[in-house]
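Peer 1: The following block contains the structure, expressed as structure tokens.
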């Protein structure tokens, strides 16, 4: 039976691994096309703008996580009307949050640009890019909800198709608008916005096709109390995200204070870490599906089998990634930079990367399990404890060497994983009523 559970886990995970791999391609396509525009200011504006807008949208990624858990459990209960109601209310919340982000942007635009502090030549292009992309906030957040619908029901190949489709449209639209129509930075922003709109329309069309009934409108049940419940459910996930982002920001800033070489070496290390995380997140998503549907059906046997399958798959994938990096990481680093001193320093830090992957992999998987269990508060508590440990680690080890910073980060990962694991038995008991 465990073999069947492992096969099912892999069947769910591999499309999501590929979909995750497609995600950074959206920014890569923007960067590649911007790099072929007449002046370097366009490339600088797109790189900085894409990073800022991704940070804004990523801060609302909790909407995808929370909705996936709700959909997965409703799918396990096999109640289509409940799924329709969840999607309708989540889409309403996505639009409200998106409009709020637009309002915040227009109120704080000048301050945000001042913090970014770009060169005057870049500032104009950067503003053009951001002013176009921010209007897609409701669309992007609504797409998060649609992705949660497909992932929560185990339709991972559709999620993959949407990710690949959005990227393909983005590349074509960016090339036509920025290169052929010579719209430069504005063309890239408009092309990306157009791709996001197409992705949402396709996703909504597929959902309506699957869920269409004569009583569809009546089954939506859009209610303020339901939206408020979703908001409160997602609040711990939002706070968890802020803590996690804060840890990475502090790590980067402390590294920057140590000099250019140390900061650049850490940057290369974090690229390798994020690449591995994209793969491991695929298994976490599979755990969201299996855990949520098992809870919806109150199927304890399936739940335990899926937990073992997720743990084993994550462990094997982590070992495989570490082995792969052991043989290839030095060459990858050499390809990522022409500066030999940075490459040498980053290569010397690879054992830290292996340790970080080893201690964080379990937390990636457990995050998926807790999303399926709909226990966001436990995830927040775990991240809070890990964040406090990170601060204590900096105090204990010091911040005057990059190795000390990475030691504190390993400690952060250990506490994050252990604290989640310690809460798992109680969370399962509470969910299995």
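Peer 1: Just one of the numbered conditions (1) crowded, with 16+ Cβ neighbours inside 10 Å; (2) touching a residue at least 40 places away in the same chain (Cβ under 8 Å); (3) out of contact with any helix residue (DSSP H, G or I) (no Cβ under 6 Å at 6 or more places or on another chain) is not true of residue 80; which one?
Peer 2: The number of the failed condition is (1).
Peer 1: Give the residues of the stretch 240-259 that are farther than 19 Å from residue 364 by Cβ and either in contact (Cβ under 8 Å) with a residue 24 or more places away in the chain or not in a helix (DSSP H, G or I) (or both), sorted by residue number.
Peer 2: Passing the criteria: 250, 254, 255, 257, 258, 259.
Peer 1: Among the numbered criteria (1) without any contact (Cβ under 8 Å) to a residue 24 or more places away in the chain; (2) part of a loop (DSSP other than H, G, I, E, B), which single criterion is violated by residue 267?
Peer 2: (2)
Peer 1: Also, I was wondering about something else. Quick check on my filter: what residues within the stretch 233-256 are loosely packed, with under 14 Cβ neighbours inside 10 Å and either in the same structural domain as residue 97 (by TED's automatic domain parsing) or at pLDDT below 85 (or both)?
Peer 2: 249, 253 - these are the residues of the stretch 233-256 that are loosely packed, with under 14 Cβ neighbours inside 10 Å and either in the same structural domain as residue 97 (by TED's automatic domain parsing) or at pLDDT below 85 (or both).
Peer 1: For the structure I just gave you, tell me whether residue 29 is over 16 Å from the mean Cα position of the chain (by Cα), assigned by TED's automatic domain parsing to the domain that holds residue 128, farther than 24 Å from residue 151 by Cβ and modelled with pLDDT under 75. If you could, list the steps in order and put the result at the bottom.
Peer 2: Details: over 16 Å from the mean Cα position of the chain (by Cα): yes; assigned by TED's automatic domain parsing to the domain that holds residue 128: yes; farther than 24 Å from residue 151 by Cβ: no; modelled with pLDDT under 75: yes.
No: the conditions fail for residue 29.
Peer 1: Right, residue 361: assigned by TED's automatic domain parsing to the domain that holds residue 275, part of a helix (DSSP H, G or I) and either surrounded by fewer than 23 Cβ atoms within 10 Å (Cβ to Cβ) or on the phi > 0 side of the Ramachandran plot (or both) or not?
Peer 2: No: the conditions fail for residue 361.
Peer 1: Keeping to the stretch 333-352, report how many residues are under 22 Å from residue 405 (Cβ atoms) and either out of contact with any helix residue (DSSP H, G or I) (no Cβ under 8 Å at 6 or more places or on another chain) or part of a helix (DSSP H, G or I) (or both).
Peer 2: As a first pass, look at the stretch 333-352 and keep what is under 22 Å from residue 405 (Cβ atoms): 333, 336-337, 339, 341-352.
With either out of contact with any helix residue (DSSP H, G or I) (no Cβ under 8 Å at 6 or more places or on another chain) or part of a helix (DSSP H, G or I) (or both) added as a condition, the list becomes 333, 336, 341-348, 350-352.
Selection size over the stretch 333-352: 13.
Peer 1: In this structure, is residue 201 in contact (Cβ under 8 Å) with a residue 40 or more places away in the chain and assigned by TED's automatic domain parsing to the domain that holds residue 51? Can you show your working first?
Peer 2: Working: in contact (Cβ under 8 Å) with a residue 40 or more places away in the chain: no; assigned by TED's automatic domain parsing to the domain that holds residue 51: yes.
Against the criterion (in contact (Cβ under 8 Å) with a residue 40 or more places away in the chain and assigned by TED's automatic domain parsing to the domain that holds residue 51), residue 201 does not qualify.
The values are calculated or read from the model by the stated rules, or taken from the named source; none is laboratory data. This one's a predicted model, so the numbers in the text were calculated from it and none came from an experiment. All Cβ positions, glycine included, derive from the backbone under ideal geometry; neighbour counts span all protein chains shown.
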